[in-house]
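Written below as structure tokens is the structure these notes are about.
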Amino acid sequence: SMNEQWGSPMKDLYASRHATMAEFLPRLDPVVHSAWNADAPVSREQADAFDRDGFVVLEDLFSDAEIAFLQSEAGVLLGDPDALEEETVITEPGGKEVRSIFRIHAQSRVIGRLAADERLAGVARFLLGDDVYMHQSRLNYKPGFQGKEFYWHSDFETWHVEDGMPRMRALSMSVLLAENTPHNGPLMLIPGSHRQFLTCVGETPQDHYRQSLKKQEYGVPDEDSLAELAHKFGIVAPTGKPGSVVIFDCNVMHGSNGNITPFPRANAFLVYNAVSNRLDAPFGVDRPRPDFIAARGEPQVITPVTGPLMEEALT
């Protein structure tokens with residue numbers, strides 16, 4: 001598919017799923033897209049850690065009352081999935097339990113307000129050096145005993161190949177709504193892995209997303225390359241109390257184990273993309289994935305909102 005931008009075909013800087021062998025390509029984009037200054041919404045140490053590791057954890061952004069407010073909203077949403085757009089509710093493989101609810105910022109005023117909060121959106125704008133919009137949002141739930149794993153992957157690889165995200169200028173924020181312990185399948189990351197692009201092998205079938213949201217089989221990195229990354233950089237699993245925010249670069253290698261503990265894991269998951277990095281035609285498939293997974297068209301720029309989350313004066 002021809003990627004037309006500014007009237008000329010867009011070069012695929014991160015070609016994946018073409019060759020029979022995986023390879024590491026250089027990252028051609030910055031990680032932090034703004035120069036740090038005293039007015040930045042993160043400390044110099046936090047900006048440096050994000051640049052070096054591909055992730056940073058922010059603690060104590062929200063009051064106890066705000067966290068309780070978010071937890072109660074998550075309970076309402078998970079308790080009545082029939083009230084939501086049907087296609088956005090993804091269940092566990094072979095089960096009835098809700099695994100993810102997509103486009104949640106547009107279906108819940110509370111999560112919409114969270115996504116626009118200065119404490120999150122302001123940090124995204126700084127790290128991405130641009131106005132931002134919501135590329136994807138979801139409420140993730142990993143039930144006790146039954147929660148299945150998410151295999152290792154780089155989000156950018158999928159967003160580029162299947163959605164048409166041109167460059168590495170997006171990031172995810174996972175707002176923890178339950179305690180992330182070392183045991184209940186927390187997010188695991190390979191720090192430093194974001195500085196190279198690992199290509200994946202194999203073609204992508206049509207409408208692959210229907211399967212991949214439950215269990216990914218394409219756009220999955222090969223074991224030899226993963227082993228190489230893990231031996232070189234190690235694996236970290238940031239733990240945190242409810243309200244902690246794990247921010248990670250779109251290209252950092254990450255995944256999570258299943259949850260066989262009785263303690264559920266829940267998070268609000270917000271993906272910010274730079275408006276200058278809006279989606280083009282997919283680089284590896286004919287048909288882009290649906291809008292609820294990857295927002296297309298004219299970006300809805302986020303205007304950061306200040307004040308407690310409970311003040312729902314959203315205009």
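The values are calculated or read from the model by the stated rules, or taken from the named source; none is laboratory data. Nothing here was measured: the structure is a model prediction, and the numbers come from that model. Please note: Cβ atoms are built from the backbone with ideal geometry, for glycine as well, and neighbour counts cover all protein chains shown. To get the accessible areas, we keep the full protein, side chains included, count just its heavy atoms, and leave off ligands, DNA and RNA. Shrake-Rupley method; radii C 1.70, N 1.55, O 1.52, S 1.80 Å.
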Exercise. Around SER34, which amide H atoms from residues at least 5 apart in sequence, or from another chain, sit under 5 Å from its own amide H, with H modelled in the peptide plane?
Worked result: GLY129
Exercise. Which value, in Å² and to the nearest 10, is the accessible area of MET21 when all protein chains are kept and the probe is 1.4 Å?
Worked result: 140 Å²
Problem set entry | Probe 1.4 Å, protein heavy atoms only - accessible area per residue of the stretch 63-210 in square angstrom | 36 Å²
Seminar exercise, completed: For the chain the mean separation of alpha carbon contacts under 8 Å (6+ apart) over residue count, i.e. relative contact order in percent, is 33 percent
For this session: Go through the stretch 161-178 residue by residue and turn each phi into a ³J(HN,Hα) via Karplus (6.51, -1.76, 1.60, θ = phi - 60°); whole Hz please, and just put x for glycine and proline.
Result: 5, 9, 10, x, 6, x, 10, 7, 9, 9, 8, 10, 10, 9, 8, 6, 10, 9
Seminar exercise, completed: Over the chain, the quotient of the Cα radius of gyration and 2.2 N^0.38 Å is 0.94
Seminar exercise, completed: Under the helix-only model (-39500 (n - 2.57) for each DSSP H run of 4 or more, divided by the residues of the chain), the mean residue ellipticity at 222 nm, to 500 deg cm²/dmol, is -6000 deg cm²/dmol
Exercise. When the Kirkwood radius is taken over all Cα pairs of the stretch 76-235, what Stokes-Einstein diffusion coefficient follows at 10 °C and 1.306 mPa s, in µm²/s?
Worked result: 90 µm²/s
Exercise. With a sphere of radius 15 Å drawn around the Cβ of ASP224, what net charge do the other residues whose Cβ falls strictly inside it have (Lys, Arg +1; Asp, Glu -1)?
Worked result: -3
Problem set entry | Accessible surface of the stretch 167-298 [probe 1.4 Å, protein heavy atoms]: carbon and sulfur percent | 51 percent
Exercise. Taking a label point 7 Å from the Cα of SER276 along the Cα→Cβ vector, which residues of the stretch 156-182 have an amide N closer than 17 Å to it?
Worked result: 165-171
For this session: Would you mind checking which residues have amide H under 5 Å from LEU198's amide H? H placed 1.01 Å from N; only 5 or more apart, or other chain.
Result: LEU25
For this session: Show TRP36, TRP159, TRP152 ordered by accessible area, largest first, where the area counts protein heavy atoms only and the probe is 1.4 Å.
Result: TRP36, TRP152, TRP159
Problem set entry | Distance (nanometres) between label positions extended 7 Å along Cα→Cβ at ALA230 and GLU203 | 3.1 nm
For this session: Collect residues whose amide H, placed 1.01 Å from N in the peptide plane, falls under 5 Å from the amide H of ARG99; neighbours closer than 5 in sequence don't count.
Result: ILE90, THR91, GLU92
Exercise. Considering only protein heavy atoms, what is the solvent-accessible area of HIS153 at a probe of 1.4 Å, reported in Å² to the nearest 10?
Worked result: 20 Å²
Seminar exercise, completed: Plugging the Cβ-Cβ distance of ASN37 and SER63 into 1/(1 + (r/R0)^6) at R0 = 35 Å yields, to the nearest 0.05, a FRET efficiency of 0.80
Problem set entry | For the stretch 219-230, Karplus couplings with θ = phi - 60° (6.51, -1.76, 1.60), whole Hz, Gly/Pro x | x, 9, x, 7, 5, 4, 5, 4, 4, 4, 4, 5
Seminar exercise, completed: For the chain, the count of lysine pairs 8 or more apart or interchain whose alpha-carbon atoms are under 28 Å apart comes to 15
For this session: Please list TYR14, TYR151, TYR141 in order of solvent-accessible area, largest first, computed with a 1.4 Å probe with all protein chains present.
Result: TYR151, TYR141, TYR14
